[in-house]
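The values are calculated or read from the model by the stated rules, or taken from the named source; none is laboratory data. Keep in mind the model is a prediction, meaning the values are calculated, not measured. Note that we place each Cβ from the backbone using ideal geometry, even for glycine, and neighbour counts take in every protein chain shown. Areas reflect the complete protein model, heavy atoms only, side chains present, ligands, DNA and RNA absent. Shrake-Rupley method; radii C 1.70, N 1.55, O 1.52, S 1.80 Å.
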Amino acid sequence: MNPAAGNHPPQRNSAAHLTRSRLLRILAALAILLIVCAAAGGLFGSAHISLVRAFSDPGSPDHAIFFGARLPRVLMGVIVGAILAAVGTALQALVRNPLAEGGILGISGGGALGAILAMVMSAKLGGGEVAVPLCAFGAALLSTVAVYRLAMVDGQLEPFTLLLVGVIFNAFWGAAIMLVNSVVNFYYARSILFWLMGSLEAPTYREAAMVAGLGMAGFAVLMFQARDLNLLSLGDESAAELGVDVDRLRRTIFVATSVMIGAAVSVSGIISFVGLIVPHTLRLVFGADHRLLLPASLIGGAAFMVAADLVARVAIAPAEIPVGAITALCGGPFFIYMLRREGRRTLSL
C-alpha cells in the first residue's frame, strides 16, 4: 500500500452523509450558477445586442451575433470546462494527488501535439474531422501512461515525482510543438499558437456536439467507477481487499480521461488549471465522495469556464484574451498555494 495514504485517513463519513436530497440540492445550486454564467456569456460581449431582436428577427445582426457566435461559444465553454474539471477530479483520485490535472501533468500538451500533427497532415491526406480528435486521444493516452509509469518508484506512485515528470513532459511537448510551428506556413503557425494558448474562438454546433458526445461517454465511465474511486483513497491494497480490481480501474480511468482530454484539446487547445481549481474547491466544500464530487465538478467546471471566457472577451474589448491565459492567471497562484499547503505534509488525498 502507498505509505502516503496512511498518513492522511480518507474522509470516511463523506459517503455515509451523502443522501439523495443532499446530492440533488447541491447539484441544483450549481446548475443555477451555471445558468447565470451562461446567460451572462450570451448577453455580454464586445458588441451590445438585444435578446428580443435576436429571437424575434432572424435577419437582424443581433440574431447573427447571438446564434452564430455567442451561443456556440458558450456551449463549447460549458462542454470543455465540464470535461476538464471532471478529468481533474478523476486523476486526483486515481493517483491520490490533489495537484494532479491534465494540463499540469503534460497530458493536455500531448493531446495538443497529436491534434496539431493531425491537422497539418490532414491537409495533405484528408480526413481532418476524424483524424484530429483521434490523434489527440491517442497522444493523450500515451502521455497519461508514460507519466504514470515514470512516476512509479519501487512499485509505488511518488506524488512529487509525478509532478516533476509532468513538468518535464510539458516542456518536451512544448518544444515539439514549437518545432512543428517552425516548419509550417503562416496559416498553420497561427493555428498552432491557438492550441498553445487555449481558446474557444469560433466553434461550430457540430464541433460542440462531437465533443459533448465524447465527453459524456467518458464521464459516464467515470461515474460508473465513482464507488471504486472512493475505495481507492484507502490505498491500493485496502481497495483490492474490498473487491476493487485496481489495475483494471486504472486502465479504465486512463482510457476514459484520455478520450475526454483528447476531445477537449482538439477544439480548445491547452487550457490548464480548470481541473485543479474546481475539484479542489468543491472537495473542500462538499467532501471527497466521488458520487457527488464528479457531477459537481462537471457542472462547476462548466460554470467556471464560461465565466473565464466572458472575462477573456470583455476585459480588453474589442480585442480578446485567450481563455487559457485567464485560467492560468487564476490557476498559477492557486497551484502555488496548494503546493505550499500540501508541501507541509505528505502530498496525498
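Only one entry in A189, A239 is without any contact (Cβ under 8 Å) to a residue 60 or more places away in the chain, buried (at least 21 other Cβ atoms within 10 Å of the Cβ) and over 22 Å from the mean Cα position of the chain (by Cα), namely A239. Which one of the conditions (1) in a helix (DSSP H, G or I); (2) touching a Phe, Trp or Tyr at 6+ places or on another chain (Cβ under 8 Å); (3) modelled with pLDDT under 85 does A54 fail to meet, given that it meets all the rest? Of everything listed in (1) in a helix (DSSP H, G or I); (2) touching a Phe, Trp or Tyr at 6+ places or on another chain (Cβ under 8 Å); (3) modelled with pLDDT under 85, A54 misses just condition (3).
Of everything in the stretch 131-190 that is charged (D, E, K, R) and closer than 23 Å to V255 by Cα, the residue that is modelled with the lowest pLDDT is E158. Here A288 fits the description: open to solvent by less than 30 Å² (accessible area, probe 1.4 Å), at negative phi and not in a helix (DSSP H, G or I). Whenever a residue of the stretch 303-323 is over 12 Å from V274 (Cα atoms), its partners that are polar (S, T, N, Q) and open to solvent by 30 Å² or more (accessible area, probe 1.4 Å), lying with C-beta atoms within less than 9 angstrom and at least six residues away or across chains, give the pairs R313/S46; V314/S46; A317/S46; P318/S46; A319/S46; E320/S46.
When E207, E201 are checked against the criterion of being open to solvent by 30 Å² or more (accessible area, probe 1.4 Å), over 26 Å from A93 (Cβ atoms) and in a helix (DSSP H, G or I), E207 stands alone in meeting it. Scan the stretch 242-285 for residues that are aromatic (F, W, Y), more than 10 Å from the chain's Cα centre (by Cα) and either at pLDDT 90 or above or open to solvent by less than 10 Å² (accessible area, probe 1.4 Å) (or both) and the total you get is 0.
Yes/no matrix, rows are residues, columns are (1) of a type outside the set (A, V, I, L, M, F, W, C); (2) touching a helix residue (DSSP H, G or I) at 6+ places or on another chain (Cβ under 9 Å):
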| residue | (1), (2) |
| --- | --- |
| G269 | yes, yes |
| F273 | no, yes |
| L276 | no, yes |
| T281 | yes, yes |
| L284 | no, no |
| L292 | no, yes |
| P295 | yes, yes |
| L298 | no, yes |
| G301 | yes, yes |
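Every residue, every condition in (1) in a helix (DSSP H, G or I); (2) farther than 24 Å from A112 by Cβ; (3) among the small types (G, A, S), yes or no:
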| site | (1), (2), (3) |
| --- | --- |
| S238 | yes, yes, yes |
| V244 | no, yes, no |
| S258 | yes, no, yes |
| A263 | yes, no, yes |
| V267 | yes, no, no |
| L276 | yes, no, no |
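Here L117, L141, L163, L157 are screened, and the one residue that is more than 30 Å from A38 (Cα to Cα), in contact (Cβ under 8 Å) with a residue 60 or more places away in the chain, surrounded by fewer than 23 Cβ atoms within 10 Å (Cβ to Cβ) and in contact with a Ser or Thr (Cβ under 8 Å, 6 or more places away or on another chain) is L141. Return yes or no: is A64 modelled with pLDDT of 90 or more and surrounded by fewer than 16 Cβ atoms within 10 Å (Cβ to Cβ)? Judged against the criteria, A64 is a match. Out of the stretch 19-39, which residues are of a type in the set (S, T, N, Q) and assigned to a helix (DSSP H, G or I)? Passing the criteria: only S21.
Being touching a helix residue (DSSP H, G or I) at 6+ places or on another chain (Cβ under 9 Å) and over 30 Å from A131 (Cα atoms) is a property that P322 lacks.
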